[in-house]
Amino acid sequence: MEFRQLEYFIAVVETGSISAASRRVHIAQPALTRQMRLLEESVGTQLLDRHARGIHLTVAGKALYGDATRLLDERSDIKARLLALGSGQTGKLSLGVTVTHLWLPEVAKLMGGYRECYPKVALDVFPLLSGPQLEKLQQGSLDVGILYLDDDMPSGIDAQLLQHDHLVLAVPASSSWAESPPASLAELSEEEFVWGYRSISPVYFDRVVAHFSRLNFEPLVVQYGADNLTILSMVAAGLGLAIVPAASCCHPMSGIVFIELEELSSCDMPLWLAWRSGEEPPVLKNFIDLATTLFI
């Protein structure tokens, strides 16, 4: 018994005759008659009572008609579901984004655009710093991440450059620096700074420290924050100055003034889209393609 034969059988039942069904399914009448006989042979019983005025269903034929209709509907549903999964129209995608970049316009457009293009894909977004993102990507508990990476890609990770960021100085709005910005980092040698822990974002931390080393600048760190959002809240509270990615300027936070310095602008902070090597399901491929369109 084949699906094709069931389709022919349903056509015969619904049109009431072999001749009418042959026109509906576009095969010759003798060929359709043979297929009906093969179907009856495969199930081992008569399905159709043939007579001059057409056909009547036997008891077995009536049972098969209901089952065949349901089977073909289920087959259509399965095909549609598999097609949607295979093209990335449905499924689930887990995305990690550094806290700093959650308010970046391009990231917002990426998440909104993906939702608009693929409304049946469940997009789970996790605000994570670069270090935890990388760990989860390597463990397989995160599908894709927007994070800082070094030029040497970690083992088992594929990545695509999204954009180049740089550093800016964040000062309390009440600070004298907000009124009269410094011209160089040397002027800040005696200022107190709020900093982040290396363990939460090693690549970012090491890149910044290496840049300051080349400039012979070592900030006086008196406070630590768990992430850039926390650090900025501490700056707004007047606990010190901070040096943060320029993307932080997109965050709606009062009480802070961001200052551009040439020495900070020269520190390249590349932002990457990263995922596990060898794993690119359709939902992820669609996300990567969309990110390329929006960022590049």
Region 1-136: relative contact order in percent, alpha carbon pairs under 8 Å with at least 6 residues between | 19 percent
Of (1) 44; (2) 14; (3) 20, the label for percent of Cα pairs over 37 Å apart derived from the coordinates = (1)
Expressed per residue, the solvent accessible area of region 159-211 in Å² (1.4 Å probe) is about 47 Å²
For the chain: relative contact order, % (alpha-carbon pairs under 8 angstrom, 6 or more apart) = 22 percent
May I ask you to list, by number, the DSSP H helices of the chain whose Cα span along the axis is at least 24 Å and whose average Kyte-Doolittle hydropathy reaches -1.0 or more?
-> 59-86
Compute the Cα gyration tensor for region 162-296, then decide on rounded, prolate or oblate, letting a ≥ b ≥ c be the square roots of its eigenvalues: rounded whenever a/c is under 1.5, prolate when a/b is larger than b/c in the other cases, and oblate in all that remain.
-> prolate
When the helices in the chain are scored as -39500 (n - 2.57) per DSSP H run of 4 or longer and the sum is shared across all residues, what 222 nm value do you end up with, to the nearest 500 deg cm²/dmol?
-> -13500 deg cm²/dmol
quick note, the chain, DSSP beta bridge pairs, % antiparallel (nearest 5) is 60 percent
Which order do the peptides 4-11, 32-39, 141-148, 67-74 take when ranked by the mean count of other beta-carbon atoms within 10 Å per residue, highest first?
-> 141-148, 4-11, 32-39, 67-74
In Å², what does the accessible area per residue of region 1-107 work out to with a 1.4 Å probe?
-> 57 Å²
Of the accessible area of the chain, computed with a 1.4 Å probe and all protein chains kept, carbon and sulfur make up a percent value of 53 percent
How high is the relative contact order of region 155-296, in percent, with contacts defined as C-alpha pairs under 8 Å that are six or more residues apart?
-> 46 percent
Any lysines with Cα under 19 Å of the Lys120 Cα? List them, leaving off those in the same chain fewer than 8 positions away.
-> Lys79, Lys92, Lys109, Lys285
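The values are calculated or read from the model by the stated rules, or taken from the named source; none is laboratory data. Just so we're clear, the structure is a prediction, and the values are computed from it rather than from any experiment. As a convention, Cβ positions derive from the backbone with ideal geometry for all residues, glycine included, and neighbour counts pool all protein chains shown. Only protein heavy atoms, including side chains, enter the accessible area calculation; ligands, DNA and RNA are left aside. Shrake-Rupley method; radii C 1.70, N 1.55, O 1.52, S 1.80 Å.
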